[in-house]
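To start, the structure under review is shown below, and the notes come after it.
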Amino acid sequence: MCAHSISLHLKEQPPFPSQGWVDPELVSQCYNAHAPAVYGVLMRVLECEECSSNALEHVFVKLFSSGGESPRLHQLIQCAFVRCCDGSGEDGREAMKGRITAWSTEARKTAERPEALPNQSNSTAHYH
């Protein structure tokens, strides 16, 4: 069981009240289309499988509980980042924002030049 502050924070959150009927096919399509990318981003930022899985689940439940249209990828990632910052506590919030900014900068560089992606085998920093 993960004891990181993000996972603990997400587990303490009350269930989201449903704003109406949710089309299970819509949820499935959105999840299949976007969950791998959102999970990948979360893993890159959090470096913890359980924290990433918890945040991913929380984001999908929150966005689909609020009704409306199927969220876009950037909305899912933004919501996940907000949850990560909320769960980092006062001491970890700035560090989390720094990790998110670093990911964003790296993502922009990669989009412009895929060869700019850093070698992951050299990465030793872990979020805890």
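The conditions of being at pLDDT 90 or above, out of contact with any helix residue (DSSP H, G or I) (no Cβ under 8 Å at 6 or more places or on another chain), within 29 Å of P24 (Cα to Cα) and not basic (K, R) are not met by G67.
Can you tell me which condition M96 does not meet? The list is (1) modelled with pLDDT of 85 or more; (2) surrounded by fewer than 15 Cβ atoms within 10 Å (Cβ to Cβ), and all the others hold. Every listed condition holds for M96 apart from (2). Beta carbons closer than 6 Å, at least 6 apart along the sequence or on distinct chains, pair a first residue in segment 27-39 that is farther than 16 Å from H74 by Cβ with a second that is surrounded by 13 or more Cβ atoms within 10 Å (Cβ to Cβ) for V27/F64. For segment 63-85, a residue qualifies if it is within 12 Å of the chain's Cα centre (by Cα) and touching a residue at least 12 places away in the same chain (Cβ under 8 Å), and the qualifying residues are L73, Q75, L76, I77, C79, A80, F81, R83, C84, C85. From the list E90, E112, E50, E106, the one residue that fits, being modelled with pLDDT under 90, closer than 21 Å to H9 by Cβ and out of contact with any Lys or Arg (no Cβ under 6 Å at 6 or more places or on another chain), is E90. Looking at this structure, is F81 at pLDDT 85 or above and either touching a Pro at 6+ places or on another chain (Cβ under 8 Å) or among the aromatic types (F, W, Y) (or both)? Taking the combined requirement at face value, the residue satisfies it.
The values are calculated or read from the model by the stated rules, or taken from the named source; none is laboratory data. Everything numeric here is computed off the predicted structure, so don't read it as measured data. Virtual Cβ from ideal backbone geometry, glycine too; neighbours counted across all protein chains shown.
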